[in-house]
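The values are calculated or read from the model by the stated rules, or taken from the named source; none is laboratory data. Quick caveat: nothing in here was measured; it's all calculated off a predicted structure. No Cβ is skipped: glycine too gets one built from the backbone with ideal geometry, and neighbour counts run over all protein chains shown. Each accessible area value is taken on the protein alone, full model and side chains, heavy atoms only, with ligands, DNA and RNA left out. Shrake-Rupley method; radii C 1.70, N 1.55, O 1.52, S 1.80 Å.
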Amino acid sequence: MVEIDFKAIEKKWQEKWEKAKCFEVSENSKKKKYYVLEMYPYPSASFLHMGHVRNYTIGDVYARFKRMNGFNVLYPMGYDSFGLPAETAAKKEGIHPKKYAETSIKMIMKYQKALGNSYDWSRVIASHEPDYYKWNQYFFLKLYEKGLAYRKKAPVNWCEKCQSVLANEEAESGKCWRCGEEVVKKDLEQWFFKITKYADRLISDLDKIEWPERIKVMQKNWIGKSHGTEIDFSINGEKWPVFTTRPDTIYGVTFLVISAQHPRLMELVSEKQKKEVEKLLDRIKKVKSQEEIESLEKDGVFTGSYAINPINNEKIPVYAGNFVIADYGCGVVMAVPAHDERDFQFAKKYKIPIKVVINPDSFDLNPEKMSRAYTPDGRLINSGEFNNWSNREAMDSITEYLAKKKLGRKTINYKIRDWLISRQRYWGTPMPMIYCDKCGIVPVPEKDLPVLLPEKVDFKSVGNPLASSKIFVEVKCPKCNGKARRETDTMGGFVDSSWYFLRYCDSRNKKKAFDEIKVNYWMPVDQYIGGAEHAVMHLMYARFFIKALKDLGYVKFDEPFTRLFNQGIVYKDGAKMSKSKGNVVFQTDISDKYGIDTARLFLMFVSSPDKQMEWSDDGVEGAFRIINRLIRISENLTKTSDKLQDHKINLAIKKVTEAIEIFEYPKAIISIVECLDKFSEGMSKENFGIILRMISPFCPHIAEELWEKIGKIASLSSDKNSKIPNKFSRGFISLSDWPVCDEKKIDENLEKQEQAVEKLILDLRNILKILEGKGEKKSQIKIFVIPNELEIYKNANKKIEQIFGMKTEILSIKEAISTGKKIQAKPGKPGIFLE
RNA sequence: GUGGGAGUGCCGGAGUGGUCAAACGGGACAGACUCAAAAUCUGUUGCUUAGUGCUUCCUAGGUUCAAAUCCUAGCUCCCACACCA
């Protein structure tokens, strides 16, 4: 075999693609548009590992597939280059974040280009460039004008290690999503986007998009819409609303619990109880630092205040408790120990009375003997005029009753909080806001955008380096021209990623964030590809942002990503492959040895793109062999084909096309490989051209090389159907047409025939093996088939002779009968006679 | 705890009611080629047998003429959410 210089082939075609601008696209096309996008990566200064290679290849295969299928495919790449890691690196290594980001981008780009992906590199963006972040500021101002961006003081998540606040979504079970540090609550003035206003639309529009069900469920849960009733309890003569989803249990309330973190808790605490409450707060603080809050016991103390239940004027104690969340509902709950497990535990612990108001149908509950709360449905007792109602039916009636008396109202509650976008960090988009002692908060006028991030700042200072930059902070008020100061917080990176896919549509526009015609042409993204870890972060924020932009008139669609595909994670040694864990296999580890096409083919072959995979080198060789086989066949092409070959090839077209469409790449590759196997001794040029095109999304370089070698395509008959005139393909397989299945050439009978013969050969092998074991030698094979199957087996003798080297005859069973032999033949199972 | 997913032959991994002893790849074994090896090609890879029969797809039951595939219970693993009133 000739040594193949894969490196040279890769380089050659990558250069050719670039020179010919193969993958650069514009809106001026008669073809239908298709937008394929991978989540843009955070550039870190390292090599790509197999996890990256896999992700990018998944998208590239799809983009190439769609392109060959006659779509005008936008497939861009860019970089999420703002963010904390660059800043940390800057502090640690003394490199400026900008330098760090730009070096990293150069590196990662180099490696991405070596993958041979069909990106339109002319559109590349990086979020740290003023050309980009200027528009973050612009949109921020627009949202501010509409009241969708606002500033307020609120208890927020603070990460001590990152020295910044975090959005709710970024505090995963009380820990920072980046560094894992325990998050603490702080009361700070911060900027928010009003995502809560879109909560309903974010839920209902999920029906419009084709996303994995689990992502939709996660978003729904995160938004956490629940219908309920707000009931006003009076405490110390003041109205305190309480949210509940169980108004039917209102008569069973025996105490209230206010969250220990509630900002107004102290208003309820009596002088006498102050010490006790403070002790509770201390206990809770200690618990904060502990790993597991899950096993936490209910803890609380009496505040010294009493509340009046509005429905029956009962006087009930108010407790402060650790299990009530301050910022959900009203931060105060009405406790019904008989019918809520948490309330029950609390009541037992503090010996608070338990009052049953719902009885099961079959018996009566005894509050003295209950060992746990009764939570199912039943009929009401001890409930005044609602006695004997079914509790379900009473829910609405009780709410109406309260509403009529102005003691309560129907409400909807959401778990989702407004999106906190401020970060006390340097390396992000500066907020275009100014504080003036006279005029208050003043937005930077549009004409002054972008507010540039100053390069010279002191990274050694504590906290946000921006805050110590006088040139940046000190500014004149745009309104009164007086002394004022700039906002020194920057925007979290999820703002950048909320609209970057719009910028790709018109990434070089200096005057606008994007041209609306262009954006409305390309958007929405038809196929988005990325990890599931962004389910309630990026994927939620981007949906909100697009909805807001639609309301502001910038875009015409509701949802940014029509289809979403979650790729699986690559593991090694039981952990996610990542630089920080040190369990990486680099792109070059494989590509240096076998070429990048082998790496691509292997990754797409070895497991489904949506499945997590454990990395193993076993099998890389297999992928390499497939490519070599392809090359070998290319040296052995015939002018003509036969029916069986045409049948197999056309069947493969059908299977491969269907499989790629739904990301079942391994299946597609199997179908191709089966053809290679079947016709390893030679294939018609035409059929080989089909195979080449089908494998080209997986192995684009070698496919181009062989495509060129076998002398192009013009003669290929399937090109008659071509949607792309040959002159547009310019000789590139990457721009050629996807083969079209010729149904007429698919002949199921050939398939049956082949299988029948194969079964026969298998049987023969079996028999011969057994006979060999017995030491019997035979030299002739006679196959007796039932008369109407003669056609199926008629050519089998040649093949059998070839394999076994024995004279073989195919005969009708009638002849066996006439010669008096005791041979049986059944349909699909001819009689075999050896002598 | 709640919700979701998964458990297939030595390994990875197809397969969702019959055409399944179970695709495809890896590995292993045997043979061909070779002085030899690599590469390549051919075959074997649950047990059995003149092409048969038998036992298998986490475990135990069940539905069905028929189950890896459907139902029930249990075990194990993974992921997400986590006291949301």
Next on the checklist: Please determine whether any residue of segment A:435-443 is open to solvent by 70 Å² or more (accessible area, probe 1.4 Å) and not in a loop (DSSP other than H, G, I, E, B).
Outcome noted: no
Checklist outcome for this item: Scanning segment A:593-611 for residues that are more than 7 Å from RNA strand B (Cβ to nearest atom) and part of a loop (DSSP other than H, G, I, E, B), the one farthest from the chain's Cα centre (by Cα) turns out to be A:595
Checklist entry - Which of the following residues is assigned to a helix (DSSP H, G or I), away from RNA strand B (no atom under 15 Å from the Cβ) and free of Cβ contacts under 8 Å to residues at least 40 places away in the same chain: A:368, A:385? => result A:385
Next on the checklist: Can you tell me which of (1) in contact with a helix residue (DSSP H, G or I) (Cβ under 6 Å, 6 or more places away or on another chain); (2) assigned to a helix (DSSP H, G or I) is the one residue A:622 doesn't meet?
Outcome noted: (1)
Checklist entry - Are any of the residues in segment A:160-168 free of Cβ contacts under 8 Å to residues at least 60 places away in the same chain and aliphatic (A, V, I, L, M)? => result no
Next on the checklist: Show me the helices (runs of 4 or more DSSP H) found entirely inside segment A:47-149 where at least 1 residues are within 15 Å of residue A:495 (Cα to Cα) and open to solvent by less than 20 Å² (accessible area, probe 1.4 Å).
Outcome noted: A:130-145
Checklist entry - So which residues in segment A:282-303 are among the charged types (D, E, K, R), at pLDDT 65 or above and surrounded by 11 or more Cβ atoms within 10 Å (Cβ to Cβ)? => result A:283, A:285, A:298, A:299
Next on the checklist: Looking at segment A:198-212, can you tell me whether even one residue there is open to solvent by 70 Å² or more (accessible area, probe 1.4 Å), away from RNA strand B (no atom under 16 Å from the Cβ) and free of Cβ contacts under 8 Å to residues at least 12 places away in the same chain?
Outcome noted: yes
Checklist outcome for this item: In segment A:297-322, residues that are within 12 Å of RNA strand B (Cβ to nearest atom) and closer than 9 Å to residue A:258 by Cα total 2
Checklist entry - What are the pairs, 6+ residues apart or on separate chains, where a residue within segment A:408-421 that is open to solvent by 20 Å² or more (accessible area, probe 1.4 Å) has its Cβ under 8 Å from a residue that is away from RNA strand B (no atom under 11 Å from the Cβ) and among the charged types (D, E, K, R)? => result A:418/A:194
Checklist entry - Would a scan of segment A:678-693 turn up a residue that is more than 13 Å from RNA strand B (Cβ to nearest atom), among the polar types (S, T, N, Q) and either within 20 Å of residue A:643 (Cα to Cα) or assigned to a helix (DSSP H, G or I) (or both)? => result yes
Item to check | Positions within segment A:813-835 being in a helix (DSSP H, G or I) and within 12 Å of RNA strand B (Cβ to nearest atom), in sequence order | outcome: A:813, A:816
Checklist entry - For segment A:327-349, does any single residue satisfy the condition of being near RNA strand B (Cβ under 7 Å from one of its atoms), charged (D, E, K, R), assigned to a loop (DSSP other than H, G, I, E, B) and open to solvent by 30 Å² or more (accessible area, probe 1.4 Å)? => result yes
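Every residue, every condition in (1) within 11 Å of RNA strand B (Cβ to nearest atom); (2) at pLDDT 80 or above; (3) exposed (fewer than 13 other Cβ atoms within 10 Å of the Cβ), yes or no:
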site	(1), (2), (3)
A:759	yes, yes, no
A:768	yes, yes, no
A:795	no, no, yes
A:811	no, yes, no
Next on the checklist: I need the strands (runs of 3 or more DSSP E) fully contained in segment A:502-585, keeping only those with at least 2 residues that are buried (at least 21 other Cβ atoms within 10 Å of the Cβ), away from RNA strand B (no atom under 16 Å from the Cβ) and under 13 Å from the mean Cα position of the chain (by Cα).
Outcome noted: A:525-530
